[in-house]
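Here the structure is laid out as structure tokens; the discussion comes afterwards.
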Amino acid sequence: MLRLILVCLFLIFKIASSIYAEANDYDLLILNGRVFDGMGSPWIRADIGIKGERIDSVGNLKNASAQKVINAGGLYVSPGFIDAHTHAANGLQSRELSLAKPLLEQGITSVVINHDGGGPADLAGQEKRLLEHGLGVNTIQMVPHGSIRSQIMGSSDRSPSASELDQMKALVRKGMDYGAFGLSTGLFYVPGNFSDTSEIIELAKVVAKYDGIHVSHIRDEADYSIGVVAAVDEIIAISEAAGLPGVISHIKNLGPRVWGLSTVLIQRINAARERGIEVYADQYPYSASVTSLSAALIPPAARKGGINALRTRLHDESSLKWIRDGITENLDRRGGADRIMIQGYVQDRSLEGKTLQMVSDSLGTNPIDLTIEIMIAGSPSIISFNMHNDDINLLMQQSWTMTSSDGVLVGIGAGVPHPRSFGPFPRKIRKYVLEDEVINLETAIRSMTSLPASVFRLQDRGVIRPGAIADIAIFDLAEIKDVATYTDPHHLSEGMVHVLVRGKAALSNGEPTGELHGRVLKKR
């Protein structure tokens with residue numbers, strides 16, 4: 001009899017515990033939201049129950065309770081945005097910017113770093129610096145080809161020896177063993193542009209063994225050398241030969257000479273995908289790019305050996321003639337001096353925010369002589385207004401195009417950064433979804449969430465479903481917008497109401513909580 005009583009009491013306890021758990025076991029409830037799953041489906045009306053860092057339930061949870069409740073009535077709920085191409089790493093390493101407020105205000109919860117072949121080859125050291133002050137967002141590390149090549153070969157303009165290639169392979173393998181998600185190359189930049197296709201294929205084969213990917217600033221986005229079409233073909237060839245996915249960074253048609261070739265790029269990529277080759281692109285929603293004045297206008301041959309070698313050539317009359325010819329040609333490629341705005345120039349801050357044409361007119365000189373004078377004194381960054389809206393729109397509409405910023409993380413008031421450092425994700429929704437109707441909202445959300453998660457092989461991210469990591473963005477569609485402009489960039493985006501990183505509030509009622517829940521993610 002005693003045993004029967006004990007069994008009955010146990011069953012009563014289990015039933016009571018189950019009822020209590022159903023009503024009280026969520027750490028956080030998001031109620032009444034219009035929920036995007038991130039996969040490209042239209043929104044559904046649903047509630048989300050979160051336990052710890054993961055989504056536990058999606059559905060009608062009106063009778064449940066939790067430690068904290070967010071009423072998302074009238075708001076849209078999405079997976080947290082993933083910035084597929086960013087240069088935020090240096091900012092995230094600083095105490096002042098580690099919270100990543102400009103990113104959180106856009107709904108960004110994860111960023112991919114070490115792009116264009118840049119960033120440290122020592123990923124362990126980078127991770128230590130990233131975590132020193134905590135992280136407001138998750139970071140995804142890539143192995144930077146340019147840094148590895150420089151470490152082994154310096155700035156040599158030649159193919160590596162067998163021994164040097166083996167050393168580079170070893171460093172790539174070390175990075176992948178550490179948890180990197182793939183290889184990044186900058187084939188337009190020194191020293192990446194000294195590499196031939198076969199070198200990249202051999203390194204990419206190492207990455208392929210880890211189910212990693214190859215992301216590249218392609219060799220030419222205009223007609224500087226091989227041309228944008230051939231440069232895209234090169235990434236396809238690398239992917240096919242090495243057997244791994246390839247991503248064309250910040251895909252664009254740079255300059256009037258190649259406007260309209262987006263149709264050819266799309267044909268090439270679609271044809272590759274039909275053959276079973278995984279090829280993708282990322283894109284920022286702006287018609288202007290950022291690079292250095294040197295990369296934009298100075299002929300590559302003049303840049304060999306670095307900035308000091310360039311300045312020596314600029315003082316040499318025999319070299320100066322062909323350098324001037326190259327600058328003239330490159331100005332034409334970029335659409336003229338009135339399309340190039342000086343972004344950052346420590347030698348003379350008064351020039352920042354002005355075009356080369358404006359400065360040369362005010363000084364009574366010409367843009368070619370001005371470029372030479374500026375390069376002798378320093379090496380500024382520039383914003384180049386060089387893309388056509390038709391190409392932007394067409395490339396954005398492709399199912400393989402992710403959203404990115406290509407931005408930096410800077411403090412409010414520091415320099416004249418490209419507005420993409422503050423606004424690309426809200427801008428894509430405001431301008432390209434709501435105003436211009438280039439794409440619909442569910443497509444835009446997919447390009448910011450599940451697509452980059454699947455491309456980079458991120459586990460349980462970029463989607464809203466039970467079991468997924470609770471990186472979540474909640475926004476007011478009527479209010480979401482970018483505020484930063486080219487001449488007045490230092491404005492945070494608006495309309496993001498709540499942001500969760502790993503199930504914890506990073507942004508609450510539009511304001512950062514000050515809590516740092518980000519991690520350096522590892523590929524396992």
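The values are calculated or read from the model by the stated rules, or taken from the named source; none is laboratory data. These numbers come from a predicted model, not from an experiment. Note that we place each Cβ from the backbone using ideal geometry, even for glycine, and neighbour counts take in every protein chain shown. Remember, those area values only see protein heavy atoms, side chains included, never the ligands or the DNA or RNA. Shrake-Rupley method; radii C 1.70, N 1.55, O 1.52, S 1.80 Å.
A compact table of results
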read-out	value
Hits in the range 315-361 - residues which are farther than 15 Å from Thr291 by Cβ, open to solvent by less than 60 Å² (accessible area, probe 1.4 Å) and hydrophobic (A, V, I, L, M, F, W, C)	Leu320, Ile323, Ala337, Leu351, Val359
Positions within the range 228-251 being outside any helix (DSSP H, G or I), closer than 9 Å to His214 by Cα and either open to solvent by 10 Å² or more (accessible area, probe 1.4 Å) or touching a residue at least 40 places away in the same chain (Cβ under 8 Å) (or both), in sequence order	Leu244, Pro245, Val247
Residues of the range 438-475 satisfying the condition of being over 14 Å from Ile108 (Cβ atoms) and either among the charged types (D, E, K, R) or touching a Cys at 6+ places or on another chain (Cβ under 6 Å) (or both)	Glu442, Arg446, Arg457, Asp460, Arg465
Yes/no for Ala204 being part of a loop (DSSP other than H, G, I, E, B), under 22 Å from the mean Cα position of the chain (by Cα), closer than 23 Å to Ser404 by Cα and aliphatic (A, V, I, L, M)	no
Qualifying position, being closer than 17 Å to Arg502 by Cβ, modelled with pLDDT of 95 or more, in contact with a strand residue (DSSP E or B) (Cβ under 9 Å, 6 or more places away or on another chain) and small (Gly, Ala, Ser), among Ala84, Ala72, Ala66, Ala89	Ala66
Near pairs, Cβ below 6 angstrom, 6+ apart or cross-chain, from the range 68-81 (assigned to a loop (DSSP other than H, G, I, E, B)) to any residue that is open to solvent by 40 Å² or more (accessible area, probe 1.4 Å)	Ala72/Asn32; Gly73/Asn32; Leu75/Asp476
All positions within the range 405-422 that are within 16 Å of Ala84 (Cβ to Cβ) and of a type outside the set (Lys, Arg)	Ser405, Asp406, Gly407, Val408, Leu409, Ser421
Condition check for Ile340: modelled with pLDDT under 90 and either within 32 Å of the chain's Cα centre (by Cα) or among the aromatic types (Phe, Trp, Tyr) (or both)	no
Positions within the range 254-307 being at pLDDT 95 or above, of a type in the set (Ser, Thr, Tyr) and out of contact with any Pro (no Cβ under 8 Å at 6 or more places or on another chain), in sequence order	Ser262, Thr263, Ser287
Checking Gln141 against (1) touching an Asp or Glu at 6+ places or on another chain (Cβ under 8 Å); (2) buried (at least 24 other Cβ atoms within 10 Å of the Cβ); (3) over 29 Å from Thr513 (Cα atoms), the condition it does not meet	(3)
So Ile374, is it touching a residue at least 40 places away in the same chain (Cβ under 8 Å), touching a helix residue (DSSP H, G or I) at 6+ places or on another chain (Cβ under 7 Å), open to solvent by less than 20 Å² (accessible area, probe 1.4 Å) and within 24 Å of Pro256 (Cα to Cα)	no
Flag if Val172 is surrounded by fewer than 21 Cβ atoms within 10 Å (Cβ to Cβ), touching a Leu at 6+ places or on another chain (Cβ under 7 Å) and under 22 Å from Val279 (Cβ atoms)	no
Number of the condition not met by Asp390 [criteria: (1) touching a residue at least 12 places away in the same chain (Cβ under 8 Å); (2) part of a helix (DSSP H, G or I); (3) open to solvent by less than 50 Å² (accessible area, probe 1.4 Å)]	(3)
Filtered residues of the range 302-327 (kept if closer than 14 Å to Thr371 by Cβ and either among the basic types (Lys, Arg) or touching a helix residue (DSSP H, G or I) at 6+ places or on another chain (Cβ under 6 Å) (or both))	Ala302, Arg303, Leu310, Arg311, Arg313, Leu314, Ile323, Arg324, Ile327
From Asp56, Asp47, residue being open to solvent by less than 10 Å² (accessible area, probe 1.4 Å), among the acidic types (Asp, Glu) and not in a helix (DSSP H, G or I)	Asp47
